[in-house]
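A short worksheet on the structure shown next.
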Amino acid sequence: MPAEARARAEELRALILHHNELYHVLDAPEIPDAEYDLLVVELRRLESDFPELASPDSPTQTVGAAPSGLFREVRHRVPMMSLDNAFDEDELRAWGGRLVRAVPTLDLETVPFSSEPKVDGVAMSLTYERGRLVQAATRGDGVSGEDVTPNVATVKDVPGELARRGGPYPDVLEVRGEIYMPVADFEAMNKRQADAGERLFVNPRNSAAGALRQKDPSITAQRPLHFWAYAVGFVDGGPGASAWPAASQSEILAQLERAGFPVSPDARRVVGMAAVIARCRELAEARHSLAYEIDGVVNKVDELALHDSLGATSRAPRWAIAFKFPPEERTTRLVDIMVSIGRTGRATPFARLEPVFVGGSTVGVATLHNEDQVAIKDVRPGDLVIVRKAGDVIPEVVGPVKEGPGVPARRKPKWKFPTACPSCGQPLVRLPGESDTYCTNIDCPAQRVQRIAHYASRAAMDIEGLGEERVLQLVGAGLVDDPADLYELAVEQLVRLERFGTVSAGNLVAAIDASRSQPLSRLLVALGIRHVGPTGARAVARAFGTLDAVVAASQAELAAVDGVGEVIAASLAEFLSADSNVGVIERLRRSGVNTEEPGTAGTMAGGEGAVATALAKTLEGKTVVVTGTVPGYTREEAEEAIVSRGGKSPGSVSKRTFALVVGDGPGASKTKKADELGIPTVDGSFFDALLETGELPGSPGQR
Ligand code: IVH
């Protein structure tokens, strides 16, 4: 087997694990679903060409990502599997062929299937004991998921008790389905967010996932979540145990409906493979007229007896397949091509577009990847271009429209990649044989900002309140050059800057201080080492326990760690041997940043992860609602400031609300409600005072 094949497989596995984590744990995918699918397809092909590459823990053999740790972990009594994909009709037919090979008596012309829309939401397992909902869990990695019962209990479609007419029921009945957000509700919610000057949600699936991951169920309750049941998982004991599940998938859907669950009105029992294909075409056509987003059609052999004969692989049943729709496309005007500088100095060209609505959200910018891609696509400012949003995540410019209305009579000249960095003005460099162009100036302000913002980000050191804008401000003011400088920041320096009060400055310093005790795995992510994401970092940190041990390890020792491999090992070794990196690490260490992984050999006993900042609990038991933008705070920061002082900060005003903080661009509904209920309002400029004292500033009811 060629060495490149092994290296590429390692690389693909690392990439896939990284994207799994972004999608399933952080709800923050970075690449379109279709691109992700291609990585999996490539890895699967390599593993089948070179069987010695196959391994049971390869992402081709597993499902999703392990739980995030935010909620209690629950083990599924029956694993929640994934589905294999078919990207075109030939692949659907090939699946038919596999069915017949596995069960030769099966006749593709007469066998019934259940064809169901593949609604784009979050898979959910609901456990009912003696008819009562006792647990709701996410899929997680298929073996264990997260217990989100209080959140799911707020979803009206999910019955708290099974309907009497559908009984008798088994003592334990696990129902599976999808939590989703209808497109119209999603858009209305985003309109409310926009009107209130608040952050917009990316797409219905992400909004649903985010809503389920709330620590406060009252926030989940305000989100327009719905549920469709499509399967029965575990069944045990009681009078109904023999009747559940019914003998076929289509009967199970009817059974679930009688039990009180909503079931997709667009699921059909169809007979024969030709009818399956016809139904897939029909749904692809109807895709945009449906009230909810679907990314494909799930086709299941109807009879459960056949499921047993067909069986499953480690990650997916053989009796079902997901027919995936091709990505969505729209046309719009390309206004300009610009270049952004990332934390590694990579210069990425991107298109500024006239905003266009595609795949459930409005797109104004789209990546163009690199110089060659711009040349290959030959897109130029002023062009009418096709924009694709595969998986409804990252939009991409496909290419210019060549003729027809809206196409410019004379095109602008070919776009040229800039020769100087737009941030620092130093020359941009493209090495022979490489596709990427870099700003190699270590002191480039754009890189610096990106590196520090990455260090502080949620997946890394998780420094609350230190987003890109704040970093830009700190770097601009000459206060920080690299992550180690953060630990030198003093409240007195910050209060001299715009948009900082004593309290917000104190909060930031406290949050930075708290990050000192983050575990080594987060520090490794924070350093921004190429290929080292949360999964790889955890594997390394657990294996070595301390940063010293990681530094002392040889590349071969690093590569030998389960879940690491050659690509990550080489990148780590290279990073840790560069003098400038060693310098920053030394300064971080001297600033008191923890370099050990708690709970591993070689670390101090009782080591803990992040410790909560010791802030006075001035708002203990008080509910403070925020509307509009409070100066100096993002939405999340304002809420976090309230919560970290013992308060609650739900998204709407009720009679229990202590105060409504009114920032810039407040939402009409919250202020109106506060007026009606006689809830005191506090001007945003008094927010810091409110945090500090826990009392209403000035006279009661002051605006
Ligand atoms: S059946 C073992 N039916 O698709 C079969 N899944 O990639 C498991 N999905 O995790 C799923 N609509 O989140 C099934 N009608 C449907 C579905 C559906 C959406 C999702 C579900 C699952 C994923 C598989």
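The values are calculated or read from the model by the stated rules, or taken from the named source; none is laboratory data. Because the structure is a prediction, the values reported are computed rather than measured. We place every Cβ from the backbone using ideal geometry, glycine too, and count neighbours over all the protein chains shown. Protein only, heavy atoms only, side chains kept; ligands, DNA and RNA dropped before computing areas. Shrake-Rupley method; radii C 1.70, N 1.55, O 1.52, S 1.80 Å.
Numbers below:
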{"read-out": "Any hit, segment 641-661, residues being at pLDDT below 80, surrounded by fewer than 21 Cβ atoms within 10 Å (Cβ to Cβ) and part of a strand (DSSP E or B)", "value": "no"}
{"read-out": "Looking only at segment 70-106, and only at residues there that are touching a helix residue (DSSP H, G or I) at 6+ places or on another chain (Cβ under 8 Å) and open to solvent by 20 Å² or more (accessible area, probe 1.4 Å), the one that is farthest from residue 179 (Cα to Cα)", "value": "102"}
{"read-out": "Complete set of residues in segment 310-331 that are at pLDDT 90 or above and under 27 Å from the mean Cα position of the chain (by Cα)", "value": "316, 317, 320, 321, 322, 323, 324"}
{"read-out": "Qualifying residue in segment 150-173 (condition: within 14 Å of residue 121 (Cβ to Cβ) and either under 17 Å from the mean Cα position of the chain (by Cα) or among the basic types (Lys, Arg) (or both))", "value": "no"}
{"read-out": "Any hit, segment 301-308, residues being touching a residue at least 24 places away in the same chain (Cβ under 8 Å), in contact with a Cys (Cβ under 6 Å, 6 or more places away or on another chain), within 14 Å of the ligand (Cβ to nearest atom) and assigned to a strand (DSSP E or B)", "value": "no"}
{"read-out": "Residue within segment 286-296 that is away from the ligand (no atom under 16 Å from the Cβ) and in contact with a Pro (Cβ under 9 Å, 6 or more places away or on another chain) present", "value": "no"}
{"read-out": "Selection within segment 236-274 - aliphatic (A, V, I, L, M), closer than 24 Å to residue 171 by Cβ and within 16 Å of the ligand (Cβ to nearest atom)", "value": "246, 252, 253, 254, 256, 263"}
{"read-out": "Residue within segment 329-342 that is under 30 Å from residue 60 (Cβ atoms), in contact with a strand residue (DSSP E or B) (Cβ under 9 Å, 6 or more places away or on another chain) and either within 16 Å of the ligand (Cβ to nearest atom) or of a type in the set (Asp, Glu) (or both) present", "value": "yes"}
{"read-out": "Residue satisfying all of: in segment 138-164; under 18 Å from residue 216 (Cα atoms) and among the acidic types (Asp, Glu); farthest from the ligand (Cβ to nearest atom) among these", "value": "147"}
{"read-out": "Pair list, Cβ under 6 Å, 6 or more apart: segment 167-184 residue in contact (Cβ under 8 Å) with a residue 60 or more places away in the chain and more than 19 Å from residue 149 (Cα to Cα), other residue within 16 Å of the ligand (Cβ to nearest atom) and of a type in the set (Ser, Thr, Tyr)", "value": "182/292"}
{"read-out": "Some residue of segment 309-323 being away from the ligand (no atom under 14 Å from the Cβ) and in contact (Cβ under 8 Å) with a residue 24 or more places away in the chain", "value": "yes"}
{"read-out": "Matching residues in segment 75-125 - criterion: being among the polar types (S, T, N, Q) and either part of a strand (DSSP E or B) or more than 10 Å from the ligand (Cβ to nearest atom) (or both)", "value": "85, 105, 110, 114, 115, 125"}
{"read-out": "Residues being away from the ligand (no atom under 16 Å from the Cβ) and not in a helix (DSSP H, G or I) - total across segment 166-185", "value": "7"}
{"read-out": "Cβ pairs under 6 Å, 6+ apart, first in segment 268-286 and on the phi > 0 side of the Ramachandran plot, second of a type in the set (D, E, K, R) and open to solvent by 20 Å² or more (accessible area, probe 1.4 Å)", "value": "272/109"}
{"read-out": "Pairs with Cβ under 6 Å, 6+ apart, first in segment 572-596 and farther than 15 Å from residue 455 by Cβ, second of a type in the set (S, T, N, Q)", "value": "573/555; 596/546; 596/603"}
{"read-out": "Count - residues of segment 467-499 that are under 15 Å from residue 455 (Cα atoms) and not hydrophobic (A, V, I, L, M, F, W, C)", "value": "9"}
{"read-out": "Whichever residue in segment 107-124 is in contact with a strand residue (DSSP E or B) (Cβ under 6 Å, 6 or more places away or on another chain) and of a type outside the set (A, V, I, L, M, F, W, C) and, among such residues, is surrounded by the fewest Cβ atoms within 10 Å (Cβ to Cβ)", "value": "112"}
{"read-out": "Residue within segment 343-358 that is of a type in the set (Phe, Trp, Tyr) and either within 16 Å of the ligand (Cβ to nearest atom) or open to solvent by less than 10 Å² (accessible area, probe 1.4 Å) (or both) present", "value": "no"}
{"read-out": "Top-ranked residue in segment 310-334 [being closer than 14 Å to residue 399 by Cα and β-branched (Val, Ile, Thr); ranked as most open to solvent (accessible area, probe 1.4 Å)]", "value": "331"}
{"read-out": "For residue 277: the one exception among (1) in contact with a Lys or Arg (Cβ under 9 Å, 6 or more places away or on another chain); (2) open to solvent by 40 Å² or more (accessible area, probe 1.4 Å); (3) away from the ligand (no atom under 16 Å from the Cβ)", "value": "(2)"}
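Listed here are the residues, each with its yes/no results for (1) under 22 Å from residue 21 (Cβ atoms); (2) open to solvent by 60 Å² or more (accessible area, probe 1.4 Å).
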{"residue": "551", "(1), (2)": "no, yes"}
{"residue": "561", "(1), (2)": "yes, no"}
{"residue": "573", "(1), (2)": "no, no"}
{"residue": "592", "(1), (2)": "no, no"}
